[in-house]
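J.: Structure provided below as structure tokens; questions to follow.
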Amino acid sequence: MSALSIIFIAAALIVGVVAGFILSNSKLNKGAQLEKQNRIKEAEVKAEALKQEKILQAKEKFLQLKSEHEKSVNERNQEITKNESRIKQKESELSKKIEEVNRKDKELENQRQQVASQSENYKRKQEELEKFHRQQVLQLEKLSGLSADEAKTQLIESIKAEAKTEAMAYIKETMDEAKINASKEAKKIVIQTIQRVATETAIENSISVFHIENDEMKGRIIGREGRNIRALEAATGVEIIVDDTPDAIQLSCFDSIRREIARLALHQLVTDGRIHPARIEEVVEKTKKMIEEEIVETGKRTCIDLGIHGLHPELIRMVGRMKYRSSYGQNLLQHSREVANLCAIMASEMGLNPKVAKRAGLLHDIGKVPDEEPELPHAILGMKLAEKYKEKPEVCNAIGAHHDEIEMTTLYAPIIQVCDAISGARPGARREIAEQYIKRLKDLENLAMNYQGVEKTYAIQAGRELRVIVSADKVDDKQSEQLAFDISQKIQTEMTYPGQIKVTVIREVRATSYAK
């Protein structure tokens, strides 16, 4: 092949490549233009569809707002129509009322005119009656020879005398009847009250007996050289008596709480078997806490049983402490519960508030169970405690006055006093026998008779008060005060008695003269 042909072939190839490139490029441009036109058409179609959709949404929103507006307008129109109808109805009612008022005004005017005419007639008749009365009085004066004032005076005096006589007779009859009825009613109320309350006759002692299995346990309780029993007595404050009584140990103490603590502690020590001073102190402390919790629980249960609410927690604790106190062998808590029930029944019979009476009856002896022992009568101390814990004035007065230490200001005080006496005086309530009781009263009266100037002595209120009557010419007022003090000091030093005894010296002067 020649060079010319090679050149020719190369040129042809170059021309072919260039022509192919130009041809392919022209085809690509045409395809791009077609695709661009298609996309524009599609965008125009979508835009038109979106436009139509927005127009439809706008039309729907407009129709919705239009319907809501029309609905609101209709509701307002209906409300306006209702208001107009109500206004028209009220206008018609008002017009009717105005007509009624006008009619009544006319009737009142007619009645007023009638009353005025009747008043004139009455005045005229009254003047005629007075004129006739004066004429009758003049005729009576001429016939009797007395003036009207004199006759009136005589008539009044005679009527006064007659009325006074009748009134005195009526008063005497009424008073006698009232005394008889009052006595009957009082006896009836007391008898009904006593009959409606169930009483117990249980008696407590100042000695508890603790039973043991064998005499060997006595030696363990006494301990080496008596150290265990001394530690137990020191921790509890109870005297422990270990004698020849088989299988028993006696616990002696006037304080029932201490005696119960000693009994429970001893029972726990015997059951456990470990008995030594350290263990004894530990058990006694635990027992004291347990007894304190039981005291509070007893007070709460007592208040619930009696239906007493709102009592101060400290007063509730004192009520629980009553369970471990006694008076003449009568359990103080049972006594207070009994007095509370008696007071409630008696207050109901008399028309008073039974809840207040029951509250005062339960608390009347809280002065016997204070934490401290001030030198005050238990009634006064109980009243002060009740005042301290915000009890009502009538409750405080009833507590303080149930032994006549203070003046009674309400009817609840005598009810508490009576019910306290009923509970303590019933058979079996207290341990003191009749012979001892009578002997104590006689000793009390004889003790005061030994003083110069004393004429008579009377022990009253179950021996709680001694009244001494002295001769007025032998004892003056100052000596009376000194005599009362001396007698009270002698009673305090020479006699044994529960509670306190009030000494009252009475000096009376009488002047007697005879008309012959």
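J.: Contact list please: Cβ distance under 9 Å, first residue in segment 6-24 and of a type outside the set (Gly, Ala, Ser), second residue surrounded by 10 or more Cβ atoms within 10 Å (Cβ to Cβ) and assigned to a helix (DSSP H, G or I), pairs at least six apart or on different chains.
T.: none
J.: Could you check segment 319-372 and list, in sequence order, the residues that are under 18 Å from ARG259 (Cα atoms) and in a helix (DSSP H, G or I)? Give the steps one after another, and end with the answer.
T.: Going through segment 319-372, the residues under 18 Å from ARG259 (Cα atoms) turn out to be 320-333, 368-371.
Those that are under 18 Å from ARG259 (Cα atoms) and in a helix (DSSP H, G or I): GLY320, ARG321, MET322, LYS323, TYR324, LEU332, LEU333, LYS368.
J.: Which condition number in (1) open to solvent by 70 Å² or more (accessible area, probe 1.4 Å); (2) within 31 Å of the chain's Cα centre (by Cα); (3) of a type outside the set (Ser, Thr, Tyr) is the one that GLN268 fails?
T.: Of (1) open to solvent by 70 Å² or more (accessible area, probe 1.4 Å); (2) within 31 Å of the chain's Cα centre (by Cα); (3) of a type outside the set (Ser, Thr, Tyr), only one is false for GLN268: (2).
J.: Considering every residue within segment 500-507, establish whether at least one is aliphatic (A, V, I, L, M) and open to solvent by 50 Å² or more (accessible area, probe 1.4 Å).
T.: Residues of segment 500-507 that are aliphatic (A, V, I, L, M), as a first pass: 501, 503, 505-506.
Those left that are additionally open to solvent by 50 Å² or more (accessible area, probe 1.4 Å): 506.
Looking for residues that are aliphatic (A, V, I, L, M) and open to solvent by 50 Å² or more (accessible area, probe 1.4 Å), one finds at least one in segment 500-507, hence yes.
J.: Applying the selection to segment 455-484, what residues are closer than 20 Å to ASP443 by Cα, in contact with a strand residue (DSSP E or B) (Cβ under 6 Å, 6 or more places away or on another chain) and not in a strand (DSSP E or B)? Can you show your working first?
T.: Residues of segment 455-484 that are closer than 20 Å to ASP443 by Cα, as a first pass: 455-470, 483-484.
If we keep only those that are in contact with a strand residue (DSSP E or B) (Cβ under 6 Å, 6 or more places away or on another chain) as well, we get 455-459, 465-470, 483-484.
Once the filter is applied, which keeps residues that are closer than 20 Å to ASP443 by Cα, in contact with a strand residue (DSSP E or B) (Cβ under 6 Å, 6 or more places away or on another chain) and not in a strand (DSSP E or B), segment 455-484 yields LEU483, ALA484.
J.: Let me ask something else about it. Can you spot a residue in segment 402-412 that is in a helix (DSSP H, G or I), at pLDDT 85 or above and open to solvent by less than 60 Å² (accessible area, probe 1.4 Å)?
T.: The first filter runs over segment 402-412 and keeps only residues in a helix (DSSP H, G or I), leaving 412.
Add one more test, that the residue is at pLDDT 85 or above, and what stays is 412.
Next, from what is left, pick out any that are open to solvent by less than 60 Å² (accessible area, probe 1.4 Å): 412.
The answer is yes, given that some residue of segment 402-412 is in a helix (DSSP H, G or I), at pLDDT 85 or above and open to solvent by less than 60 Å² (accessible area, probe 1.4 Å).
J.: Hey, among the residues in segment 462-484 that are in contact (Cβ under 8 Å) with a residue 24 or more places away in the chain and farther than 11 Å from ILE506 by Cα, which one's surrounded by the most Cβ atoms within 10 Å (Cβ to Cβ)?
T.: Per the criteria, the residue is GLY463.
J.: Let me ask something additional. Anything in segment 373-397 that is out of contact with any His (no Cβ under 7 Å at 6 or more places or on another chain), open to solvent by less than 50 Å² (accessible area, probe 1.4 Å) and outside any loop (DSSP other than H, G, I, E, B)? List them, or say none.
T.: Across segment 373-397, the qualifying residues are HIS378, ILE380, LEU381, MET383, LEU385, ALA386, VAL395, CYS396, ASN397.
J.: Might you check whether a residue that is surrounded by fewer than 15 Cβ atoms within 10 Å (Cβ to Cβ), on the phi > 0 side of the Ramachandran plot and small (Gly, Ala, Ser) occurs anywhere in segment 278-296?
T.: no
J.: Kindly indicate the residue of segment 221-266 that is among the hydroxyl-bearing types (Ser, Thr, Tyr) and without any contact (Cβ under 8 Å) to a residue 60 or more places away in the chain and also farthest from SER326 (Cα to Cα) among those meeting that condition.
T.: First, pick out the residues of segment 221-266 that are among the hydroxyl-bearing types (Ser, Thr, Tyr): 236, 245, 252, 256.
Still in the list and also without any contact (Cβ under 8 Å) to a residue 60 or more places away in the chain: 236, 245, 252.
Numbers: THR236: 19, THR245: 26, SER252: 14 Å.
Among residues in segment 221-266 that are among the hydroxyl-bearing types (Ser, Thr, Tyr) and without any contact (Cβ under 8 Å) to a residue 60 or more places away in the chain, the one farthest from SER326 (Cα to Cα) is THR245.
J.: Please indicate, with yes or no, whether at least one residue in segment 485-497 is outside any loop (DSSP other than H, G, I, E, B), open to solvent by 80 Å² or more (accessible area, probe 1.4 Å), of a type in the set (D, E, K, R) and modelled with pLDDT under 85. First the steps, then the outcome.
T.: Step one: of segment 485-497, the residues outside any loop (DSSP other than H, G, I, E, B) are 485-494.
Keeping just the survivors that are open to solvent by 80 Å² or more (accessible area, probe 1.4 Å) gives 485, 492-494.
From what is left, the residues that are of a type in the set (D, E, K, R) are 494.
Pick out the ones that are also modelled with pLDDT under 85 and you get 494.
Looking for residues that are outside any loop (DSSP other than H, G, I, E, B), open to solvent by 80 Å² or more (accessible area, probe 1.4 Å), of a type in the set (D, E, K, R) and modelled with pLDDT under 85, one finds at least one in segment 485-497, hence yes.
J.: Search segment 330-343 for residues that are closer than 13 Å to HIS364 by Cβ and at pLDDT below 85 and pair each with any residue that is hydroxyl-bearing (Ser, Thr, Tyr) and open to solvent by 20 Å² or more (accessible area, probe 1.4 Å) when their beta-carbon atoms are under 7 Å apart and the residues are at least 6 apart or on different chains.
T.: Short answer, once both residue conditions are applied: LEU332/SER326.
J.: State whether one or more residues within segment 192-205 are open to solvent by less than 30 Å² (accessible area, probe 1.4 Å), under 39 Å from the mean Cα position of the chain (by Cα) and modelled with pLDDT under 70.
T.: Filtering segment 192-205 down to residues open to solvent by less than 30 Å² (accessible area, probe 1.4 Å) leaves 193, 197.
Those left that are additionally under 39 Å from the mean Cα position of the chain (by Cα): 193, 197.
Filter once more, so that each one left must be modelled with pLDDT under 70: 193, 197.
Within segment 192-205 (the criterion being open to solvent by less than 30 Å² (accessible area, probe 1.4 Å), under 39 Å from the mean Cα position of the chain (by Cα) and modelled with pLDDT under 70), the answer is yes, since at least one residue qualifies.
J.: ASN228 versus (1) surrounded by fewer than 13 Cβ atoms within 10 Å (Cβ to Cβ); (2) modelled with pLDDT of 70 or more: which is the lone unmet condition?
T.: For ASN228, the exception is condition (1).
J.: Quick one: count up the residues across segment 355-372 that are open to solvent by 50 Å² or more (accessible area, probe 1.4 Å) and either free of Cβ contacts under 8 Å to residues at least 12 places away in the same chain or within 16 Å of the chain's Cα centre (by Cα) (or both).
T.: Start the filter on segment 355-372 by keeping residues that are open to solvent by 50 Å² or more (accessible area, probe 1.4 Å), which leaves 355, 368, 371-372.
Add one more test, that the residue is either free of Cβ contacts under 8 Å to residues at least 12 places away in the same chain or within 16 Å of the chain's Cα centre (by Cα) (or both), and what stays is 355, 371-372.
Residues in segment 355-372 being open to solvent by 50 Å² or more (accessible area, probe 1.4 Å) and either free of Cβ contacts under 8 Å to residues at least 12 places away in the same chain or within 16 Å of the chain's Cα centre (by Cα) (or both): 3 in total.
The values are calculated or read from the model by the stated rules, or taken from the named source; none is laboratory data. From a predicted model like this one, the values you see are computed outputs, not experimental measurements. Cβ sites come from the backbone with ideal geometry, for glycine too, and all protein chains shown count toward neighbours. These area figures cover heavy atoms from the full protein model, side chains too; ligands, DNA and RNA do not enter into them. Shrake-Rupley method; radii C 1.70, N 1.55, O 1.52, S 1.80 Å.
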